[in-house]
Amino acid sequence: MRLNKTAEEFNDLGKEELTRGHFQEAINMFTRAMEADPQYSESYCNIGNVLAATGRQEDAVGYFMKAIELAPESPLAYYGMGNVYFNLGNYESSRVAFEKAQNKGMNHQDLYFMIAMSYLQSERYNEAINAFDKCLSIHPHDVEAHFNKGMALARFNRLEEARDAFITAIELDPQHDDAHFNLGIAYAFLGQLEQSEQQLKKALEINPSHILAENALEELRKMG
């Protein structure tokens with residue numbers, strides 16, 4: 001019977017602990033994988049992911065950097081690093097990391113969504129729209145991609161297209177209060193005040209504490 005486990009075996013045990021929601025136990029197993037083989041890059045990446053998922057963004061950075069150092073052609077660490085930078089509000093660095101993951105072969109809707117969100121947060125709306133389109137070409141029913149594409153279009157003053165994006169988001173998720181709210185705002189700017197009022201009321205019906213919808217509805221009534 002073999003007593004010493006390999007790095008891969010410890011790594012697999014860490015993944016099992018993750019499925020149970022045992023974060024510290026998972027970190028312990030991933031750490032033992034690192035001790036068994038200090039060159040095993042996946043264990044560093046996995047610890048980074050756990051730390052990021054539990055709100056320890058700054059602590060995660062070093063693990064992702066080490067994973068990239070050990071396996072520079074693997075996209076997973078770049079993707080994890082991108083998420084950390086995004087959560088820290090460093091949107092330019094997050095986009096660069098996500099695009100490196102893309103260049104290393106990652107081709108997934110979540111990647112393009114996060115690239116788009118990085119552009120959106122950086123107020124680079126045209127690039128955000130293009131990235132949301134790429135995401136939606138892979139998964140056409142992604143509610144948040146349609147919604148956030150609508151946000152980018154609205155900020156780019158393409159109001160008719162923004163309206164259509166919000167409508168699509170609502171068709172996919174009728175209880176999306178922010179989509180109803182932003183559709184109401186788009187209708188208001190398009191001069192369609194009756195439709196605007198309907199959507200703002202719907203946002204409040206879904207979420208009675210939606211202060212922005214309440215304020216917008218009050219302003220709309222003053223206009224009437």
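The values are calculated or read from the model by the stated rules, or taken from the named source; none is laboratory data. This structure is a prediction, so every number in the text was calculated from the model and none was measured. As a convention, Cβ positions derive from the backbone with ideal geometry for all residues, glycine included, and neighbour counts pool all protein chains shown.
Annotations for the structure displayed:
- Residues within the range 101-140 that are closer than 24 Å to Q175 by Cβ, in contact with a helix residue (DSSP H, G or I) (Cβ under 6 Å, 6 or more places away or on another chain) and not hydrophobic (A, V, I, L, M, F, W, C), tallied: 2
- M65 surrounded by 17 or more Cβ atoms within 10 Å (Cβ to Cβ), modelled with pLDDT of 95 or more and aliphatic (A, V, I, L, M): no
- Each residue in the range 47-81 was checked for being of a type outside the set (G, A, S) and not in a helix (DSSP H, G or I), and 4 pass.
- Any hit, the range 197-214, residues being in a loop (DSSP other than H, G, I, E, B) and under 24 Å from S122 (Cα atoms): no
- Just one of the listed residues (F181, F156) is surrounded by fewer than 17 Cβ atoms within 10 Å (Cβ to Cβ) and in contact (Cβ under 8 Å) with a residue 24 or more places away in the chain, and it is F156.
- Taking the range 107-153 as the range and being free of Cβ contacts under 8 Å to residues at least 24 places away in the same chain, hydrophobic (A, V, I, L, M, F, W, C) and closer than 18 Å to G89 by Cβ as the test, only I115 passes.
- Residues in the range 16-41 that are in a helix (DSSP H, G or I), of a type outside the set (S, T, N, Q) and out of contact with any helix residue (DSSP H, G or I) (no Cβ under 6 Å at 6 or more places or on another chain): E16, E35.
- Among the residues of the range 131-142, those identified as part of a helix (DSSP H, G or I) and surrounded by 16 or more Cβ atoms within 10 Å (Cβ to Cβ) are A131, F132, K134, C135, L136.
- Hits in the range 1-15 - residues which are free of Cβ contacts under 8 Å to residues at least 24 places away in the same chain and part of a loop (DSSP other than H, G, I, E, B): M1, R2, L3
- Just one of (1) farther than 29 Å from L111 by Cα; (2) touching a His at 6+ places or on another chain (Cβ under 8 Å) fails for I138. It is (1).
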